[in-house]
Each structure stands twice: as C-alpha cells, then as structure tokens.
Amino acid sequence: MKKSSKVTAVILSAVLAMSMIGCGSSAEDTASDAAATDAVTDEATDAAASDEATDAADEATDAADETAAGDRTQLIVGFDAEYPPYGYMDENGEYVGFDLDLAQEVCDRNGWELVKQPIDWDAKDMELNAGSIDCIWNGFTMTGREDDYTFSEPYVDNSIVVVVAADSDIQSLEDLAGKVVATQADSSALTALTDDSEDNKDNIALAATFADLQQVADYNSAFMNLEAGSIDAIAVDIGVAQYQISSRGDMFRQLDTPISTEQYAIGFKKGNTELRDQVQNTLNEMVSDGTFDKIVANYEDYNLPAMVCLGK
C-alpha cells in the first residue's frame, strides 16, 4: 500500500501538468511540455523501483524479527556424520547419536523440526556464519574458543587420548617418539598438539618427537588406517575412542595418560544469545525432570555417564 500511494501521487501530478497544456500552444511549448511529462514519468518509475527495494528490505527485517521473537519452526544442527557416539550414520542409513538425541528432545519441547545437517568439520565456521546451520552440536570443544562463538553451558567433560593397535609396543606417550600419529583436521586434538601457547608447551614438545602428525578428514578414516598399519596411533576425543574400541572388539586399546582435558558445549553464531538461551533453558528442564540422564544412559557402553557435567 505504501508503494502504490506514492506512485499514484506522482502520476496524478503528471496528469495535472498535462491538463495545463493549452490547445493553442506553440510547437516549442508542446516540446517543452513533453519533456516535462517524460521527467515526471521517469520520477514515477524511479519511485516504484525505490519502493520495491524498500519493501523487500522491510520484509527481510520482519522475517528476522519474527524468528527472533520466537516464531522459529526448525533448528538446523550442523554435525560431523563420522563422529560416533555423538553423531553418525547407523546401519539403517539414519543419522543418530547422543548429541542428536539431545537436539531432538529440545526440538520436540519447543515445537521445532530438527534438521540434521552433516557438514565438513573444517567448514563449520563458514556454515554457521552463512546461516546454513543454526548451531554446531556435535562434540564441539568450547575450551579455547570462548571468544569465537556464543556457547551454551558445557555439558560433557572431554579429554584427548591416544589409541593404538592392541598388539602395539606403544605403552605411554613417550613411546610415540618416532611414530606416525593421525588426528582429524581442525579438531581439538590437532589444536592440543599444535597450539604453541605457553601453557601447551608440553604437548608441543610431545608432538615434536613424532615422525609425522597426519591430518585426516574424519576419525573413521583414521581408524581404518590404524587397522591397516599405515599409522601408529590416533589422537582423538575419549568418547570417540571408547566407541571405536567397544564396537571393534579387541583390535585397539587406549593409553592411560590423556594429552589434554576440555569441555563440550553447543556453539551458536556470535551474539545469538536468544536462541542459545532458549536451547539452554530447555536442556535445564531436561536435567530437572530426569530426561537428560535417561538419554545419557543409552550411551553407557561408551562411558558417557561418567563424562557428562551439565547439572552436576
């Protein structure tokens, strides 16, 4: 309606101007009046284009306001589909896992549809900043990243451990000297072995003893390489380590001493406190009514009950 009224006003002005042209006008007057009419018509066209752009911007703003005001209909969760037990594809081709179970319960309680969006882990920031996903919820380490995202409260105490073949002669971290160690690209395990900050100098010294520190796209590939003997060890989150050891029988074992400790949280785009708060409040409700612990109990085989920290 705003656009139509403006354009109508301009067109009426053009009609009024044309009505003032007399029957006895000279050729010079007629040419002048025609030029004036063209100018008015151009003004009307420009006004229409300008108002269309304004209306489009208004609609975008209104849509954003509606979502911010609680009219959300879905939650798009970005996750690594090769990261069991937190998020992975099961034998039926379905995406399942601890974090996805939590996300499903949060969505059910808020009337949202859960959209499970697999992502390349090293592209997670691009996906989040582009709005392709609403959050990163998949064994996501908050330690050291606190200033880069708006995080939920931590819900899992994690540690970075080393997994070797069951018959390996590697018994301690010191035995990794001269060995080929693999970890996931852009992972917290990689950070633990490459961050040159003062409080991480012991891990930097450890990594310096390796024959090679390889980066792989996902941990499933790393465990396949370890099984094949092309690498000697894997630096990995303890939950993933426990899943692989449990599901692959006696093929692998975990060293006793961890490389580092950290915490998992849900990562939202920096500044998106409203969505973070809504998700966090729902998680707190789940803790209070016992639903959170019921979901955790489904992953007892991977030692998750001993690792969760939300509500503890």
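Since every read-out is calculated from the coordinates, none of them should be taken as a lab result. Worth saying up front: this structure is predicted, and the values here are computed from it rather than measured. Note that we place each Cβ from the backbone using ideal geometry, even for glycine, and neighbour counts take in every protein chain shown.
Calculate how large, on average over all directions, the projected area of the Cα convex hull of the stretch 158-262 is; give the answer in nm² to one decimal. Write out the running numbers ahead of the final one.
Numbers: hull surface 23.3 nm².
Computing the convex hull of the Cα atoms and averaging its projections yields 5.8 nm².
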Cβ-Cβ cut-off under 13 Å around residue 255, Lys and Arg +1, Asp and Glu -1: the net charge is -3
Long pairs among 179/294; 270/312; 201/294; 116/179, criterion Cα-Cα beyond 32 Å
179/294; 201/294; 116/179
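Quick one: pull the percentage of alpha-carbon pairs in the stretch 182-233 with a separation above 12 Å. List each step's numbers first, then the result.
Details: 833 of 1326 pairs.
I get 63 percent for the Cα pairs in the stretch 182-233 exceeding 12 Å.
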